[in-house]
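Visitor: One structure, pasted below without further comment.
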Amino acid sequence: MPAPPGSGKSTLCAGLVNRGWRLLSDELVLLSLDGRSITPLARPVSLKDQSIEVIRNFVPGAVISREAVDTAKGTVALMKAPADSVARAGETARPAWIIFPKYEEGAAARLAPRSKAETCLQIGKNAFNYSAHGARGFEALGNVVDASDCHDFTYGSLDEAVRVFSALEPPSGLTHTGFSH
């Protein structure tokens with residue numbers, strides 16, 4: 001789920017992993033150089049400002065650290081990674097979807113197809129070591145985008161977001177058994 005800061009990525013991630021989805025990573029993805037597998041990095045989910053209270057209300061039993069106030073990112077806290085995700089840290093996953101989330105207060109959940117070309121360009125701009133890998137990095141990015149369904153996703157409610165994500169169909173050739181859902 002790549003997107004600019006403030007898009008609601010971590011809040012959405014925290015909501016999903018507390019409704020049956022597997023946490024692979026909150027901040028980054030460790031993609032194999034063939035682009036066919038993701039190595040999990042199941043660490044705490046970073047929550048900022050209003051998202052802290054949103055997740056406390058959405059997941060009453062969530063383990064959330066003390067808040068650090070007045071940081072460069074505002075008030076921040078960490079939500080403990082789910083035990084199942086940590087236990088499965090050695091189990092890779094196959095990419096299936098690339099979804100660019102955007103939280104908009106009061107918005108109905110809407111999933112819209114996104115072009116693979118635009119997806120590839122946007123991910124390439126945000127990858128910190130993409131260019132260091134040269135042609136191999138380009139091929140890996142192309143492989144993951146080719147294997148994935150690409151979407152823009154607008155949401156205003158975590159409950160609606162969970163319903164939309166739960167209804168996702170795997171790209172052709174894959175089954176739900178290989179997913180973190």
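The values are calculated or read from the model by the stated rules, or taken from the named source; none is laboratory data. Please read all numbers here as calculations on a predicted model, not as lab measurements. No Cβ is skipped: glycine too gets one built from the backbone with ideal geometry, and neighbour counts run over all protein chains shown.
Visitor: Just checking, does the stretch 63-85 include any residue being hydrophobic (A, V, I, L, M, F, W, C), touching a Pro at 6+ places or on another chain (Cβ under 8 Å), part of a strand (DSSP E or B) and crowded, with 17+ Cβ neighbours inside 10 Å?
Guide: Looking through the stretch 63-85, at least one residue is hydrophobic (A, V, I, L, M, F, W, C), touching a Pro at 6+ places or on another chain (Cβ under 8 Å), part of a strand (DSSP E or B) and crowded, with 17+ Cβ neighbours inside 10 Å.
Visitor: Name the residues in the stretch 92-127 that are touching a Ser or Thr at 6+ places or on another chain (Cβ under 9 Å) and either over 16 Å from residue 152 (Cβ atoms) or among the basic types (Lys, Arg) (or both), would you?
Guide: 92, 93, 94, 95, 96, 102, 106, 110, 116, 124
Visitor: Going by the structure shown, is residue 112 in a strand (DSSP E or B), closer than 28 Å to residue 143 by Cα, modelled with pLDDT of 95 or more and small (Gly, Ala, Ser)?
Guide: yes
Visitor: Assess whether residue 25 counts as being without any contact (Cβ under 8 Å) to a residue 60 or more places away in the chain, surrounded by fewer than 20 Cβ atoms within 10 Å (Cβ to Cβ), under 12 Å from the mean Cα position of the chain (by Cα) and not in a helix (DSSP H, G or I).
Guide: In short, yes.
Visitor: Got a number for residues in the stretch 62-98 being within 17 Å of residue 15 (Cα to Cα), touching a residue at least 60 places away in the same chain (Cβ under 8 Å) and of a type in the set (Lys, Arg)?
Guide: So the answer is 0.
Visitor: Let me ask something additional. For residues in the stretch 122-170 being part of a helix (DSSP H, G or I) and aromatic (Phe, Trp, Tyr), which is surrounded by the fewest Cβ atoms within 10 Å (Cβ to Cβ)?
Guide: 138
Visitor: Moving to a separate point now. Quick one: which residue in 125, 116, 102 is within 23 Å of residue 51 (Cβ to Cβ) and of a type in the set (Lys, Arg)?
Guide: The conditions single out 102.
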